[in-house]
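Below is one structure; the comments refer to it alone.
The values are calculated or read from the model by the stated rules, or taken from the named source; none is laboratory data. Computed from a predicted structure; not experimentally measured. FYI the Cβ positions are ideal-geometry reconstructions off the backbone, even for glycines, and counts take in every protein chain you see. When the accessible area is computed, the model is the full protein with side chains, heavy atoms only, and any ligands, DNA or RNA have been set aside. Shrake-Rupley method; radii C 1.70, N 1.55, O 1.52, S 1.80 Å.
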Amino acid sequence: MESQLYNQWQVYSPSSLLSQETEFQFTEMLVSHYASSLQSDPAAQHYLSRVLELNNSEVLETFRLGFSDRSLSKAFMGTSEEEAIRGVYQRFGLFKPNGRERFRGMIFVPIFDGNGDLAGAFGQRIASFPLIKRAETDYTVRPDVTGLFFQHEAMKTFKHILLCESPFDVICLHAAGVYNAIAMLDMSYFDDEHLSNLLEHDVESVTIAFSRTPSGNRYYAHVRRLLEGVDIRVDKLEGVIGESISSVWSKSKMMGRVLGQIDASQATQTHTNEHLCPHLFKH
């Protein structure tokens, strides 16, 4: 995955003079357009429901998933706001400097901040674009945002957190009734700002739920060392050899095993709002 962290001065355009409300309108237009494209694209629907096994409409609406089919530019091309819209999308990293959509051919996952503004985005490529490796991922983070996690709102509710490697892991766990999961956007994108974010929310313990692969094990050791350095208790979700949470979800017969591991991991953890997922949290 190619890291896409943008300095706010990297892309100059008149969009830097726009109000926050106007920027919100432009990014909301993009999120809504991608959501509509997902509903109308058979290949994207097939990938989501048959490959990822995510066919729960409530989950899709909750996370506002979409699909970039390269038709977004047509929605504003030739309008008086075209230059400003492109400027906002480039500054946010949603468009490349050459004007192309960054997440073209990908299932699009928007990430919002506490005010409901777009803070970043994550994408995973579908199988119908054969020139680029299937399931390749990419992400971008708004220039002024640091320490971003997907579904970071969970830290406001739970003192024990499941830390996943991909937003799709969190989405699959949500579908399974597990609500205390957050995700990194890239296993290599974890720094002091992420640690600060966890500490500011008084997170006491973390179960690291990375894929059980050589790279997952390597980053587990790195993240564990950082977390223990700030006195956050850490344990590891063993998972399934060679699999991530989302890949296990797509192979439903294995998911019960992982949920059992999560249940055991969280059995002794203190948390708030137990009614969200009572069967997973025991005293």
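A few notes on this one:
- Applying the criterion of being in contact with a Gly (Cβ under 6 Å, 6 or more places away or on another chain) and under 14 Å from Tyr47 (Cα atoms) to the residues of region 99-127, the residue that is most open to solvent (accessible area, probe 1.4 Å) is Arg125.
- Exactly one residue out of Glu53, Glu61, Glu82 is open to solvent by 10 Å² or more (accessible area, probe 1.4 Å) and under 16 Å from the mean Cα position of the chain (by Cα), and it is Glu61.
- Looking across region 188-200, the residues that are surrounded by fewer than 17 Cβ atoms within 10 Å (Cβ to Cβ) and over 17 Å from Pro167 (Cβ atoms) come down to Asp191, Asp192, Glu193, Ser196, Leu199, Glu200.
- Count of region 71-123 residues which are over 19 Å from Glu21 (Cα atoms) and of a type in the set (Asp, Glu): 1
- Scan of region 201-220 for residues that are open to solvent by 50 Å² or more (accessible area, probe 1.4 Å) and in a helix (DSSP H, G or I), ordered by number: Pro214, Asn217, Arg218, Tyr219
- In region 165-211, the residues that are over 22 Å from Thr140 (Cβ atoms), in contact with a strand residue (DSSP E or B) (Cβ under 6 Å, 6 or more places away or on another chain) and β-branched (Val, Ile, Thr): Val203, Val206, Thr207, Ile208
- Out of Asp231, Asp235, sole residue that is out of contact with any helix residue (DSSP H, G or I) (no Cβ under 7 Å at 6 or more places or on another chain), more than 29 Å from Leu48 (Cβ to Cβ) and modelled with pLDDT of 70 or more: Asp231
- Breaking point among (1) in contact with a Lys or Arg (Cβ under 7 Å, 6 or more places away or on another chain); (2) open to solvent by 10 Å² or more (accessible area, probe 1.4 Å); (3) in contact (Cβ under 8 Å) with a residue 40 or more places away in the chain, for Val234: (3)
- Pairs where the first residue, in region 148-159, is under 21 Å from Leu60 (Cα atoms) and assigned to a helix (DSSP H, G or I) and the second is among the small types (Gly, Ala, Ser) and open to solvent by less than 10 Å² (accessible area, probe 1.4 Å), C-beta under 9 Å, 6+ apart: His152/Ala119; Ala154/Ala181
- Scope region 248-265; condition modelled with pLDDT of 70 or more and either within 14 Å of Val170 (Cβ to Cβ) or not in a helix (DSSP H, G or I) (or both); matching residues: Val248, Trp249, Lys251, Ile262
- On inspection, Ile182 qualifies as part of a strand (DSSP E or B) and closer than 28 Å to Leu48 by Cβ.
- Positions within region 238-252 being out of contact with any helix residue (DSSP H, G or I) (no Cβ under 7 Å at 6 or more places or on another chain) and surrounded by fewer than 17 Cβ atoms within 10 Å (Cβ to Cβ), in sequence order: Ile241, Gly242, Lys251, Ser252
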